Amino acid sequence: MTTRRLAQLVDQTLEASVVGSFTTIGPSLRRRLDHWDPFASAKGKQIVLTGATSGLGLKAAEILVSLGANVHLVGRNKQKLAGVVTALQDSAVAHGGSAQGYVCDLSLLQETKRLLAELQKAVPVLDVLIHNAGALLGDFTKTTEGLEQTLAVQVLSPELLTRGLAPQLSAAKGRVITMTSGGLYSERFDLGSLEMTEANYKGTVAYARAKRAQTLLTMTWNDDFGDEGIRAHLVHPGWAKTPGVAESLPTFSKVMGPLLRSPEEGVDTLIWLATTNDVLLEPGQLWLDRRPRPLHKLRRTKLTSGQERVAKAALHEWCEIQIAHALSTGGHPSSKPQN
Ligand SMILES: NC(=O)c1ccc[n+]([C@@H]2O[C@H](COP(=O)([O-])OP(=O)(O)OC[C@H]3O[C@@H](n4cnc5c(N)ncnc54)[C@H](OP(=O)(O)O)[C@@H]3O)[C@@H](O)[C@H]2O)c1
């Protein structure tokens, strides 16, 4: 059996087992069998990264800075963000890049709009926009702008930022990368049940529905901006040991403990997608361990191509309405600039 055939066979076996694929077993075997290249240099690249103050985002920021990138880190906690930026300065200087912080609570669209204006000014040519911020929220939370928080952070803010930064991304023929989750495999997209109410709220379901909605947003961004050279991708980190997982899934985190990926393993494919010089990567795919993976594992979650077309248009329209509504509410005191 050739090495390539063996790598393919092992990969398929891992993928079918789920646990083998999502835990640390996945990258340890695939790295060796697929002969993963070291990351390409990111020198000179301008990269916006949300959720940069913890877990996967923090690790991604460290690696991107060490590759020479100019990283624009978005965090909601001013002190925490300042600490991360300070900690990255030496590496940034040593590797010829930079680290700059932007305070923004992405659950508030007024704050996201202000962030957008700051980024449009600071980064006229944007190579990579990474939507990483997110959390599985156990309790139903409505923001002061009237939005369910999971959707505000993981669907509406990414939509507002991507569309607003399209000219800057287009100037670099840039990439948009969204951090998704295996949770999406359990949900079929249905706009009618996307926004959960306090009465029917279940954190894991709200999270999975938001992640499923991100797949449609990614397709629509490719439809709308592909001609401008922008490519949008989805990436799945596997199951990685992060503060987010420990907090939102404590039992899972304890039981899976030794098998969870390290944050480095969790962000490997994200960094690879952000920095690879391979411009032939087909957009709109879901990547895990440097290979594209199916968007669906269950027949019941699939839409026909006609249903998908209607769903994409409906989600886009819904996002526009929600964003316009949130922006017209007058905002919350914390949405005022904090710098
Ligand atoms: N770890 C995994 O196994 C796993 C698996 C599948 C998908 N993911 C996805 O990977 C991404 C990162 O997760 P993680 O595990 O690294 O979790 P984490 O350690 O909790 O990090 C999440 C990051 O998002 C930020 N964030 C959350 N809500 C925000 C808001 N309203 N405004 C601005 N920033 C906000 C957090 O800010 P603070 O630092 O202020 O809390 C933090 O920096 C998420 O999208 C998650 O869904 C993770």
Handout entry: Hits in segment 280-325 - residues which are more than 29 Å from THR112 (Cβ to Cβ) and more than 19 Å from the chain's Cα centre (by Cα)
Key = LEU280, LYS297, LEU298, ARG299, ARG300, LYS302, THR304, SER305, GLY306, GLN307
Practice task
Write out, first by first residue and then by second, each pair whose Cβ atoms fall under 7 Å of each other, whose residues are 6+ apart or on separate chains, and whose first residue, in segment 177-191, is of a type in the set (Gly, Ala, Ser) while the second is assigned to a loop (DSSP other than H, G, I, E, B) and within 13 Å of the ligand (Cβ to nearest atom).
Solution key: SER181/HIS236; GLY182/HIS236
Exercise for the section: For segment 31-55, name all the residues that are over 18 Å from VAL245 (Cα atoms) and either among the hydrophobic types (A, V, I, L, M, F, W, C) or not in a loop (DSSP other than H, G, I, E, B) (or both). Expected result: ARG31, ARG32, LEU33, TRP36, PHE39, ALA40, ALA42, GLN46, ILE47, VAL48, LEU49
Problem - Scope segment 121-159; condition crowded, with 22+ Cβ neighbours inside 10 Å and assigned to a helix (DSSP H, G or I); matching residues - result: THR150, LEU151, ALA152, VAL153, GLN154, VAL155, LEU156, SER157, PRO158, GLU159
Practice task
Check segment 80-91 and report whether any residue there is touching a residue at least 12 places away in the same chain (Cβ under 8 Å), among the aliphatic types (A, V, I, L, M) and surrounded by fewer than 19 Cβ atoms within 10 Å (Cβ to Cβ).
Solution key: yes
Problem - Check on LEU273, touching a His at 6+ places or on another chain (Cβ under 7 Å), in contact (Cβ under 8 Å) with a residue 12 or more places away in the chain and not charged (D, E, K, R) - result: yes
Completion exercise
Filtering segment 215-249 down to residues that are assigned to a helix (DSSP H, G or I), touching a strand residue (DSSP E or B) at 6+ places or on another chain (Cβ under 6 Å) and not β-branched (Val, Ile, Thr) yields TRP221, ASN222
Fill in the blank from the handout: Quick count over segment 105-135, residues being away from the ligand (no atom under 14 Å from the Cβ) and over 19 Å from ILE177 (Cβ atoms), is 6
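When you go through LEU160, LEU169, LEU147 one by one, which is the residue that is touching a residue at least 60 places away in the same chain (Cβ under 8 Å), hydrophobic (A, V, I, L, M, F, W, C) and within 12 Å of the ligand (Cβ to nearest atom)? Please lay out each step first, then the result.
Values: LEU160 fails: within 12 Å of the ligand (Cβ to nearest atom); LEU169 fails: within 12 Å of the ligand (Cβ to nearest atom).
Checking each option against the conditions leaves just LEU147.
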Exercise for the section: With the condition kept exactly as written, say whether any residue in segment 220-237 is within 15 Å of the ligand (Cβ to nearest atom), exposed (fewer than 15 other Cβ atoms within 10 Å of the Cβ) and among the charged types (D, E, K, R). Expected result: no
Handout entry: Hey, VAL153 within 14 Å of the ligand (Cβ to nearest atom) and out of contact with any Cys (no Cβ under 6 Å at 6 or more places or on another chain) or not
Key = yes
Practice task
Please indicate, with yes or no, whether at least one residue in segment 94-104 is in a loop (DSSP other than H, G, I, E, B), of a type in the set (Phe, Trp, Tyr) and either without any contact (Cβ under 8 Å) to a residue 60 or more places away in the chain or more than 12 Å from the ligand (Cβ to nearest atom) (or both).
Solution key: no
Completion exercise
Exactly one of LEU58, LEU73, LEU67 is touching a residue at least 60 places away in the same chain (Cβ under 8 Å), aliphatic (A, V, I, L, M) and over 13 Å from ALA42 (Cβ atoms), and that one is LEU58
Handout entry: Residue within segment 9-30 that is away from the ligand (no atom under 16 Å from the Cβ), in a loop (DSSP other than H, G, I, E, B) and under 19 Å from PRO237 (Cβ atoms) present
Key = no
Completion exercise
Quick count over segment 166-205, residues being surrounded by fewer than 19 Cβ atoms within 10 Å (Cβ to Cβ) and assigned to a loop (DSSP other than H, G, I, E, B), is 11
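Values quoted throughout were computed directly from the atomic coordinates according to the rules given, and no laboratory measurement underlies them. Predicted, not measured: the structure shown is a model, and the values here were computed from it. Here Cβ is always computed from backbone atoms with ideal geometry, including for glycine, and neighbour counts include all displayed protein chains.
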